[in-house]
Amino acid sequence: MTKERTGRIIGASFGLAFIQVNAGALPVAAGTVLRVLAVAAFVALLITLRRAPAPAPRPAPAAEAAPAVHFGRRYRYVVAAEAVVGVAGIVVINNLLHTPRATVGWIALVVGVHFFGLAVVWRMPALHRLGAGLSGCGAGGLALAAAGAPQAAVAAVAGVLPGALLLGSAWWKVRGGAEPRRTATPSSGAAVS
């Protein structure tokens with residue numbers, strides 16, 4: 001399995017976890033449907049990735065080569081920073097602010113911000129959009145928790161929606177959405193994005 005596929009599975013796993021954990025705060029029927037759909041989407045993704053042929057290497061100049069996922073030192077720094085900031089925030093939220101409902105919003109915000117770091121480390125600008133979406137969900141969840149909104153609203157905005165974004169992002173990449181499509185123009189034969 002390629003590192004890119006491994007990265008997709010990791011992201012989809014976290015998406016599945018976000019939905020499974022937070023759908024419990026929703027009405028039973030809605031939560032059950034969301035949990036089943038999330039599992040189905042995750043299993044289908046695994047099957048699709050397993051069956052898909054390995055991508056053929058594309059000859060391209062180094063400047064145009066597709067970015068690669070590397071789980072090296074810089075990746076570990078991003079994840080370590082995410083863990084430290086995440087845990088510190090959870091401690092503050094629970095022990096100093098006494099607002100445990102805000103925890104899911106904080107987690108979504110931190111996970112979203114970590115995608116900005118990954119976008120730089122992996123040279124994948126598309127991850128900025130995912131980071132912005134997740135960060136927005138997290139900030140929305142924090143605002144809802146601070147306003148005293150019901151737990152179901154916080155869980156939907158800061159838990160279920162980020163999970164759907166993570167699963168959707170993994171599927172988007174599988175369906176070719178993350179790769180620019182290059183076509184030759186009839187007159188010049190040059191590649192156009």
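A few remarks follow.
- Residue satisfying condition, being assigned to a helix (DSSP H, G or I), open to solvent by less than 60 Å² (accessible area, probe 1.4 Å) and modelled with pLDDT of 95 or more, within set Ala119, Ala155: Ala155
- Among the candidates Leu127, Leu142, the residue that is open to solvent by less than 50 Å² (accessible area, probe 1.4 Å) and modelled with pLDDT under 95 is uniquely Leu127.
Each row is one residue, and each column tells you yes or no for (1) within 16 Å of Gly24 (Cα to Cα); (2) touching a Pro at 6+ places or on another chain (Cβ under 8 Å).
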position	(1), (2)
Trp122	no, yes
Gly131	no, no
Leu134	no, yes
Gly138	no, yes
Ala146	no, no
Gly163	yes, no
Leu166	no, no
Ser169	no, no
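- In the range 158-165 there is no residue that is open to solvent by 40 Å² or more (accessible area, probe 1.4 Å), more than 19 Å from Gly89 (Cβ to Cβ) and free of Cβ contacts under 8 Å to residues at least 12 places away in the same chain.
- Gly136 vs. criteria at pLDDT 95 or above, surrounded by fewer than 21 Cβ atoms within 10 Å (Cβ to Cβ) and closer than 28 Å to Thr6 by Cβ: yes
- Scanning the range 69-93 for residues that are of a type outside the set (A, V, I, L, M, F, W, C) and either open to solvent by 50 Å² or more (accessible area, probe 1.4 Å) or touching a Lys or Arg at 6+ places or on another chain (Cβ under 8 Å) (or both) yields His70, Arg73, Arg74, Arg76, Tyr77.
The values are calculated or read from the model by the stated rules, or taken from the named source; none is laboratory data. Just so you know, these numbers come straight off a predicted model, no measurement behind them. When we count neighbours, we look across all protein chains shown, and the Cβ atoms used for this are built from the backbone with ideal geometry, even at glycine. For the accessible areas, the whole protein counts, side chains as well, though only heavy atoms, and no ligand, DNA or RNA atoms are used. Shrake-Rupley method; radii C 1.70, N 1.55, O 1.52, S 1.80 Å.
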